[in-house]
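Written below as structure tokens is the structure these notes are about.
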Ligand SMILES: [Mg+2]
């Protein structure tokens with residue numbers, strides 16, 4: 001992994017931006033700092049403005065674990081693609097499948113909310129209904145290992161069996177066959193018509209995109225994590241606003257150049 005702000009990486013990014021790539025970003029831990037309560041998370045105003053400017057120039061995709069309805073109000077602009085539920089919601093071509101995913105989740109909720117369910121009386125363990133997926137959150141639990149085991153044991157008995165996607169103190173339950181971020185990104189790249197893409201993320205779910213190792217996709221991970229498949233890294237989320245403003249600056253330069261060359265004929 002190379003530091004994204006090294007001279008070599010910035011040169012690579014600059015060159016990458018000349019092709020007007022699809023720009024794709026995760027939200028929590030990437031565009032928005034992680035906060036104690038997920039509903040308090042905000043994308044900083046400057047980052048929203050950079051995103052809006054970039055979106056006027058090239059397709060922007062937001063690819064998040066949140067439900068689309070939850071993510072949309074966090075963005076000060078309308079991205080070309082808004083993918084929710086880690087890929088289970090919003091991927092073009094999966095509209096009918098998303099209805100089926102929602103039906104499966106309703107079934108799981110019925111199973112999980114019956115009488116005598118141990119997880120329901122466990123402190124600091126919450127279940128989030130994201131319509132197309134479910135998520136157990138235990139960020140504030142004192143004994144995280146114990147709780148993680150409790151969830152795993154309960155989830156094993158669900159019908160049908162969910163695919164599991166672990167995040168930072170969250171376990172996502174995905175309906176069988178639901179696309180994840182690693183499946184969503186190639187679809188978006190193709191749909192966008194862009195020759196290249198850039199993907200920025202911070203978590204296990206994003207590694208599925210990094211691991212694709214597509215030559216047309218440049219990848220950036222927040223935090224230098226051992227074993228990450230991303231090509232570039234930022235030291236922490238606090239570096240994201242500067243990274244976004246660099247992208248916006250490169251886009252502006254590209255725009256001006258194309259106006260000049262068009263005018264100069
Ligand atoms: Mg994230």
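Tell me the angle of helix 240-264 to the major Cα principal axis of the chain, expressed in degrees between 0 and 90 and rounded to the nearest ten.
40 degrees
Using mean Cβ contacts within 10 Å as the protection proxy, how do 16-27, 78-89 order, highest first? Mind showing how you got there, number by number?
Values: 16-27: 22.1, 78-89: 24.0.
Averaged packing, sorted descending, gives the order 78-89, 16-27.
Gain in length, residue 258 to residue 95, computed as 0.36 nm per residue apart minus the alpha-carbon separation, to one decimal in nm?
That pair, residue 258 and residue 95, stretches by 55.0 nm at full extension.
For segment 197-265, what does the alpha-carbon gyration tensor say about shape, rounded, prolate or oblate, given a ≥ b ≥ c as the root eigenvalues, a/c under 1.5 as rounded, and a/b over b/c as prolate? Don't jump to the answer; show the numbers that get you there.
Details: a/c = 4.28, a/b = 2.00, b/c = 2.14.
Verdict is oblate for segment 197-265.
Expressed as a rounded percentage, what relative contact order does segment 134-246 have, with Cα pairs under 8 Å and six or more residues apart? Mind showing how you got there, number by number?
Numbers: 137 pairs, mean separation 19.4, N = 113.
Relative CO of segment 134-246 lands at 17 percent.
With a ≥ b ≥ c taken as the square roots of the eigenvalues of the C-alpha gyration tensor of segment 95-174, please select rounded if a/c is under 1.5 and otherwise prolate if a/b is larger than b/c or oblate if it is not?
Since a/c reaches 1.5 and a/b is larger than b/c, the shape of segment 95-174 is classed as prolate.
Using only Cα atoms, find the angle between the long axis of helix 7-17 and the longest principal axis of the chain, and express it within 0 to 90 degrees, rounded to the nearest 10.
Roughly 90 degrees, rounded to the nearest 10.
Name the residues of segment 141-176 whose amide N is less than 16 Å from a point 7 angstrom out from the Cα of residue 226 along the C-beta direction?
Within reach of a label on residue 226: no residues.
Measure out, as a whole number of angstrom, how far apart the alpha-carbon centroids of segment 249-264 and segment 72-137 sit.
When both Cα centres are located, 42 Å separates them.
Which value in nm describes the separation of the simple spin-label points at residue 37 and residue 238, placed 7 Å from the Cα toward the beta carbon?
2.5 nm
Quick check on segment 77-232: take the gyration tensor over C-alpha atoms, sort the square-rooted eigenvalues as a ≥ b ≥ c, and tell me if it's rounded (a/c under 1.5), prolate or oblate. Can you show the working numbers first?
Values: a/c = 2.64, a/b = 1.52, b/c = 1.74.
Note, shape of segment 77-232 comes out oblate.
Could you give me D for segment 91-141, from Stokes-Einstein at 10 °C and 1.306 mPa s, where the hydrodynamic radius is the Kirkwood radius over C-alpha pairs? Units µm² s⁻¹, please.
Details: Rh = 12.3 Å.
Estimated diffusion coefficient is 129 µm²/s.
Could you check what % of the DSSP bridge pairs in the chain are antiparallel, to the nearest 5?
Details: 14 of 35 bridges.
The antiparallel fraction comes to roughly 40 percent.
Quick check: the angle from helix 144-155's long axis to the longest principal axis of the chain, C-alpha only, nearest 10 degrees?
The angle comes out at about 70 degrees.
Please state, to two decimals, what the Cα-based radius of gyration of the chain comes to when divided by 2.2 N^0.38 Å (N = residues).
Details: Rg = 19.5 Å, N = 265, 2.2 N^0.38 = 18.3 Å.
The value comes to 1.06.
Using the number of other C-beta atoms within 10 angstrom as an exposure proxy, rank 209, 259 with the fewest first.
259, 209
Report the relative contact order of segment 186-235, percent, no decimals, based on alpha-carbon pairs under 8 angstrom and at least 6 residues apart.
Relative CO of segment 186-235 lands at 32 percent.
Rounded to the nearest 500 deg cm²/dmol, what is the calculated helix-only ellipticity per residue at 222 nm for the chain, with -39500 (n - 2.57) per DSSP H run of length n ≥ 4? Let's see the in-between values first.
On the way: 8 runs with 102 residues, N = 265.
Using -39500 (n - 2.57) per qualifying helix, the result is -12000 deg cm²/dmol.
We did not get these values from a lab; they are worked out from the coordinates using the rules stated. These numbers come from a predicted model, not from an experiment. Methodologically, a virtual Cβ is constructed for each residue, glycine included, from the backbone with ideal geometry; neighbour enumeration extends over all protein chains shown.
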